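Inspection log for the structure reproduced underneath, given as structure tokens.
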Amino acid sequence: MAFPPRFLDEIRARTGLAEIIGRRVKLTRRGREHTGLCPFHNEKTPSFTVNEEKGFFHCFGCGAHGDVIGFVMRTEGTPFPEAVGRLAAEAGLEVPVQSPEERVREERRAGLTDIMEAAADWYRAELQAPEGRAALDYLRQRGLDDKTIAAFRLGFAPEGGGNVKQALESRMSSVTGGRQIELATLIEAGLLRTSDDDRAPYPLFRNRVLFPITDRRGRVVAFGGRLMGEAKAAKYINSPDTPLFHKSRTLYNLADARRAAYDGEPLIVAEGYMDVIALVRAGFRGGVAPLGTALTELQLAELWRHTSEPILCFDGDEAGRRAAARVAVRTLPLLTPGKSLRFALLRPGEDPDSLIAKDGKKAMQAALDQARPLADVIWDLEVGLKPVDTPEQRADLDRRLDEAARGIADSRVQSYYRNEFRTRLWETFRAHRAGGRQTMRARTAERTSWRPNATQDGRPVDTSKTDIARRRGQQVVLAALANNPSLVSEFSDEINLLELDGDLDNLRRELQNLCAGSADLDADDVTRHFKQSGQEQTLAGVLDAQVLLLAPFARAGTPTDEVRAGLRHIFDLQLQARRKAEVKTLGREMAETAGPADEARVFAFKEDVEVGERRVAEIDDYKSGEVAAGEGS
């Protein structure tokens, strides 16, 4: 339903944002804003702010942002119309009247909901009846006690399906006033199925244990049925899509699992109903399952509404690994900052139900603790696809990983994935080269190990000044980025290659995470975030007057083009230093294992380095001229 903009503005004006949020988050007033621990991700220091005057909340840690309606939607998992209706009632506002067509649809849906609830009650009673004895024994053999059976409202559809129509009319007589329920309504609800010939409609579920499927509010909208005994029919069937139920967007046990997620527990995606029940019985309240199909994009979106990284459980055999890979590849285009997946591979042949039954909760917890991030799964998939022994094969791996990363729609996440894969490639192939040249490098180390930190004439080197200069250079880069956070994503490749001291490296990572999760930040936002995260002193050292005196372009308020040029120059210098070191290494290696092609490659690399040297020198001369001109004037 569409709401008039004025009505929505009136809701925002009448509801106290801090009051609504304060019911879930302990807020502390600081000036014009309130701060607290973010309810959307785990954190130890507050990065979540509420601006009552401007009418929005914002988390500098995960990037969550929105108004009072968005907050209710995110924390309670409610759709937009429901959140608006609830806030309107709290504000004493009457929701605008629906159109006649909308009113008819809502009444129709309400009627179907009543029918599905009555059906769940009837199936539940049938499980306890004499005809349901075999089904009840089956559930108990699977380890379910009466409390669990009642909690999940499990039921039984009798042989032949029973007289569903008559049973529901009897149970709903107080609602319907004794009126008959039309067969068309039961077909629309998915309880009856039409035949291909002229026979009367017949019950969909017959001689099956039934698992009620609810929507996010806990209302029964469909059923899953497990066949009793051996037969040629499908072991499991689900209700067809109806006005209440869409298989591609619904998850089993979501209503209870989302409440667990809001309490900080993980959402765990398993394959089937019994897996979910086993998880919940073991204390993992966030267990959910898709309904007989692979996880869909709509189900992923539903999961991400309630948690940032749901955990997917897969059998550890080859089929399970292939299934995990398919989900991983399908998920890549959908990634956004802070939203991803983790993958828990169980022992081959195991699922959560069997693992918990054999080894208990600790075994399941261990598997969840070892869940791997999505980037690892993609990496393993591509690395294991083909050999990577030759330069051509490694180039092909580089291409495949880059194509996978470029499939991510969100530019910030794509940038981080590309950088992550480049770093892994560099580290992997460096280790590969190191293994093959260990003897040569060991000899080199032996020749120089007797003279650590020494000049060529053997005198000790005073490293104190060198260390200070090196740290100052690191601080200059971070100062420029802290004062110009919009450049962090632009220089993401270069930033990831920086070699920084421990505290500065932590600051670099925190700055990258902040800028990846939030757009349009300025220097004040960065300062406020680091103050709230407890790294105020490290940032203060980076923004020290001595650092900014060394590099005026890093100061706050400097035109962005000047800052960009200054950073580019520093990164070019660092790149040249690395390339020159690589030329020396290649030269030594080629001296021992030289071929014409190898020599040609080294000479070509040297030419590239010399071109870079000339470019850096030209920039240095230009800047020296600028300084001289400035001093003369």
What is the residue count in the stretch 140-159 for residues that are of a type in the set (D, E, K, R) and in contact (Cβ under 8 Å) with a residue 12 or more places away in the chain? 3
Residue that is of a type in the set (Gly, Ala, Ser) and either more than 20 Å from Gly287 (Cα to Cα) or touching a Phe, Trp or Tyr at 6+ places or on another chain (Cβ under 8 Å) (or both), where the choices are Gly360, Gly349, Gly338: Gly338
Being assigned to a strand (DSSP E or B) and basic (Lys, Arg) is the filter here, so list the residues in the stretch 1-35 that pass it. Arg29, Arg30
Which of the residues spanning the stretch 478-516 are open to solvent by less than 20 Å² (accessible area, probe 1.4 Å), over 19 Å from His41 (Cα atoms) and either part of a helix (DSSP H, G or I) or in contact with a Pro (Cβ under 8 Å, 6 or more places away or on another chain) (or both)? Leu478, Ala479, Ala480, Leu481, Ala482, Pro485, Leu487, Ser492, Ile495, Leu504, Leu507, Arg508
Search result, residues across the stretch 327-348 that are open to solvent by less than 60 Å² (accessible area, probe 1.4 Å) and within 15 Å of Glu271 (Cβ to Cβ): Val327, Phe343, Ala344, Leu346
If a residue has to be among the hydrophobic types (A, V, I, L, M, F, W, C), open to solvent by less than 20 Å² (accessible area, probe 1.4 Å) and under 22 Å from Gln365 (Cα atoms) to count, how many in the stretch 289-319 make the cut? 5
Kindly list, by first and then second residue, each pair from a residue in the stretch 557-573 that is more than 18 Å from Gln475 (Cβ to Cβ) to a residue that is polar (S, T, N, Q) and open to solvent by 50 Å² or more (accessible area, probe 1.4 Å), limited to pairs with Cβ atoms under 9 Å and residues at least 6 apart or on different chains. Thr560/Ser486
Return the residue satisfying two criteria in turn: it lies in the stretch 517-530 and is among the acidic types (Asp, Glu) and part of a loop (DSSP other than H, G, I, E, B), and of such residues it is modelled with the highest pLDDT. Asp522
Residues of the stretch 70-112 being within 20 Å of His58 (Cα to Cα) and basic (Lys, Arg), in sequence order, are Arg74
Just give me the residues in the stretch 341-375 being out of contact with any strand residue (DSSP E or B) (no Cβ under 6 Å at 6 or more places or on another chain), charged (D, E, K, R) and without any contact (Cβ under 8 Å) to a residue 60 or more places away in the chain, in sequence order. Arg347, Glu350, Lys358, Asp359, Lys362, Asp369
Cβ pairs under 8 Å, 6+ apart, first in the stretch 404-419 and closer than 18 Å to Asn496 by Cα and open to solvent by 40 Å² or more (accessible area, probe 1.4 Å), second of a type in the set (Gly, Ala, Ser) and part of a loop (DSSP other than H, G, I, E, B): Ser411/Ser489; Arg412/Ser489
The condition of being within 38 Å of the chain's Cα centre (by Cα) and under 14 Å from Phe211 (Cβ atoms) holds, among Ala151, Ala135, Ala110, Ala157, only for Ala151
The conditions are (1) charged (D, E, K, R); (2) over 26 Å from the mean Cα position of the chain (by Cα); (3) surrounded by 14 or more Cβ atoms within 10 Å (Cβ to Cβ), and Glu43 fails exactly one of them. Which is it? (2)
Report the residue count in the stretch 83-110 for those that are open to solvent by 60 Å² or more (accessible area, probe 1.4 Å), touching a residue at least 60 places away in the same chain (Cβ under 8 Å), of a type outside the set (Lys, Arg) and assigned to a helix (DSSP H, G or I). 1
So the check is Cβ under 7 Å with 6+ separation or different chains; which pairs have a first residue in the stretch 325-340 that's among the hydroxyl-bearing types (Ser, Thr, Tyr) and a second one that's in a helix (DSSP H, G or I)? Thr331/Leu300; Thr331/Leu374; Thr336/Val413; Ser340/Leu374
Need the failing condition index for Ile277 against (1) under 19 Å from Ala371 (Cβ atoms); (2) not in a loop (DSSP other than H, G, I, E, B), just the number. (1)
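The values are calculated or read from the model by the stated rules, or taken from the named source; none is laboratory data. Being a predicted model, the structure only gives us computed values, none of them experimental. FYI the Cβ positions are ideal-geometry reconstructions off the backbone, even for glycines, and counts take in every protein chain you see. Side chains included, ligands, DNA and RNA excluded: accessible areas come from the protein's heavy atoms. Shrake-Rupley method; radii C 1.70, N 1.55, O 1.52, S 1.80 Å.
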